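Below: the structure, in C-alpha cells.
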Amino acid sequence: MRRKGFLIVLSGPSGAGKNSVMNAVFPTIPNLKYSVSVTTRPPRKGEVEGVDYFFRTEEEFDELIRQDKLLEFASFVGYRYGTPKDFVLNQIAEGNVVIMDIDIQGASQIREKMPEAVLVFLVPPSWEELQKRLTHRGSDDHDVIAKRLQQAVEELKHIVHYDYFIINDELNRAAEQLRHIIMSEAARVSRIDLTELQSLWKGWGKP
Ligand code: 5GP
C-alpha cells in the first residue's frame with residue numbers, strides 16, 4: 001500500500017559518520033532517496049559533482065536563492081549550503097522518503113516549513129573520538145578541524161529540537177537504529193493514504 005512521502009533530516013557534527021550510516025541504510029529501504037545539497041565549499045578529494053554535492057560559486061548560490069530554488073540554506077564555517085527545493089518536493093509527492101544531511105540551522109528551517117519532517121541527530125561517542133576522526137580523515141587543515149570541533153559542541157546544545165538521537169559508536173548498530181526510525185515513521189497512521197485504504201477495505205463505512 002502506498003504511503004505518503006516524508007522527510008528525514010539527519011544532522012550531526014561533520015565526522016559523526018552520517019554518510020557511512022546512510023550508506024548502510026540505503027540498500028535496505030528502496031524508496032529512500034538522498035537529497036544532494038548545493039554548496040560553495042570546494043570539493044574534498046574524492047567528492048563527485050552531483051553525487052556528494054552540487055558545487056557552485058557564491059554568485060550561482062545567490063541566484064538560486066533569488067529564484068527561490070532552495071528549501072532552506074545556511075552558512076557553515078565560512079561556506080554556504082542549501083537544499084534544492086524541487087527534488088525534495090517531487091520525491092515526497094511520489095511517496096518516497098527523502099533523507100538530507102543538513103546542519104541545525106537548516107533543520108530548524110525545515111521544522112518550520114514542514115512540521116511533519118522527522119529530525120534525527122547523530123553523534124560520535126565522544127569529543128575525543130570526533131577529534132580523532134576529523135584528524136584521520138585528513139581532508140581539512142588544522143584550523144578548519146578546530147572550528148568544526150567548536151561547532152560540534154555548539155550544535156549539540158540544539159539536540160532538544162530533534163525527535164531522535166543516535167550515538168554512532170558502532171556503524172551497524174547506528175545504521176540499524178536509523179533504519180528502525182525510518183520504518184516506524186513510515187508506519188504512522190498519518191502517512192496512510194485513506195482513500196486507498198477505503199478502496200482496499202470494501203466494507204469501510206458500513207454500519
Ligand atoms: P561538510 O562541509 O562537512 O560536507 O558539511 C558541513 C555541514 O554542512 C554539515 O553539518 C552538513 O550537515 C551541513 N550541510 C550539508 N548540506 C547542507 C544543506 O543543504 N543545508 C544545510 N543547512 N546544511 C548542510
(request) Examine the range 65-77 for a residue that is hydrophobic (A, V, I, L, M, F, W, C) and away from the ligand (no atom under 11 Å from the Cβ), and state whether such a residue exists. (result) yes
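Anything in the range 122-135 that is of a type outside the set (Phe, Trp, Tyr) and part of a helix (DSSP H, G or I)? List them, or say none.
GLU128, GLU129, LEU130, GLN131, LYS132, ARG133, LEU134, THR135
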(request) Would you check which residues across the range 9-45 are within 14 Å of the ligand (Cβ to nearest atom), not basic (Lys, Arg) and not in a loop (DSSP other than H, G, I, E, B) and list them? (result) VAL9, LEU10, SER11, ASN19, SER20, VAL21, MET22, TYR34, SER37, VAL38, THR39
(request) Answer yes if at least one residue in the range 121-131 is touching a residue at least 24 places away in the same chain (Cβ under 8 Å) and closer than 30 Å to ARG2 by Cα, and no otherwise. (result) yes
(message) What's the number of the only condition in (1) of a type in the set (Val, Ile, Thr); (2) touching a Leu at 6+ places or on another chain (Cβ under 7 Å); (3) part of a helix (DSSP H, G or I) that ILE181 fails to meet?
(response) (2)
(message) Step by step: first the residues of the range 136-146, then only those that are within 18 Å of LYS18 (Cβ to Cβ) and part of a helix (DSSP H, G or I), then the one that is modelled with the lowest pLDDT. Which residue is that?
(response) ARG137
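The values are calculated or read from the model by the stated rules, or taken from the named source; none is laboratory data. The structure displayed is predicted, hence computed values, not measured ones. Neighbour counts are summed over all protein chains in view; Cβ atoms, including those assigned to glycine, are modelled from backbone coordinates with ideal geometry.
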